[in-house]
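Working notes for the structure below.
The values are calculated or read from the model by the stated rules, or taken from the named source; none is laboratory data. Fair warning: this is a prediction, and the values are worked out from it, not measured in the lab. Heads up, the Cβs are rebuilt from the backbone with ideal geometry, glycines too, and the neighbour counts pull from every protein chain shown.
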Amino acid sequence: MSLSAIPDQLTDPVVIEGLFQVAAAAAIAAVVIAISSLRDLGLERELGGSFVRGFVQVLAMGALIGVLFTIPLAFSGLLLAAMVVYAAWESRKRGDGVPNAFRISVIALGVGSAVVIVTMVAAGAIERTVRNLVPVGGMIIANAMKTNSLTLDRFQGEIESNRDEIEAVLALGVPPERAISEFVTESVRASLIPVVDAMRTLGLVYIPGMMAGMILGGANPIYAAEYQFVIMGMIFAAGGLTSMTASLLLGRAAFTDAAQLRRFESTDRTLFATLRTALGR
């Protein structure tokens, strides 16, 4: 597929029909935004912006997906690496003010995603083709990003809420790692709740779209169920590795060299400025 085919895709009748479905979804989302406004939750900009942004991004990906699948396999690794960096950039906003949040997110997401992707490619669960590696790899990275965001958000909340208690314990000579170990553990536990609940309800409440799509496409239903469990296992492992790596690094970043608890100060930097800082330049 080439870029010249995109105009024909945009005028396809099914695309026009899809716009009406998008409008219906937007109407439901607007209700949520309206309720947020009525309750003075202050979430209208974030909710509305993320909804519109998500639509534009997925529409662009849909238009370019055919071109994307024609790139050489060697470049798929670079593409996945770029996904990790951008996911880390978005995720670090949930812990804005946490020292080195972006760098920690890049490392945690890189470790969690890379270990799972490389292992499953070696095992043959992910085919060594761009058509399989990029979508499945992106799914793993996206779910690891959610876990990382929850880890950052919970860690920051726990530390800020218990700052006086932590500083009092430090004053008694307790090592920094022990002073915040309870809050680090709580951050990991809370971040894994969504994926654990999804695993518990898999097949009973949660009917994954990939399994349904494979069955509708003519695949053996038993194999479709097995492969869906493999996907969930990858998401579970990537999320767990990401959260545990992030919590380990966060525990160290929270203190100065003098074992004093750092102040969490919000930053407002661009992605490129943050990258330069993370690289030490």
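Observations on the model:
- Any hit, the stretch 163-177, residues being in a helix (DSSP H, G or I), among the β-branched types (Val, Ile, Thr) and modelled with pLDDT of 90 or more: yes
- So Arg128, is it in contact (Cβ under 8 Å) with a residue 12 or more places away in the chain and loosely packed, with under 12 Cβ neighbours inside 10 Å: yes
- Per the conditions (1) assigned to a helix (DSSP H, G or I); (2) more than 16 Å from the chain's Cα centre (by Cα), the sole criterion not satisfied by Leu204 is (1).
- Only one entry in Ile65, Ile71 is assigned to a helix (DSSP H, G or I) and modelled with pLDDT under 90, namely Ile65.
- Any chance Ser76 is of a type outside the set (D, E, K, R), touching a helix residue (DSSP H, G or I) at 6+ places or on another chain (Cβ under 7 Å) and at pLDDT 90 or above: no
- From the list Ala254, Ala224, Ala259, the one residue that fits, being modelled with pLDDT of 85 or more, of a type in the set (Gly, Ala, Ser) and closer than 29 Å to Ile180 by Cα, is Ala254.
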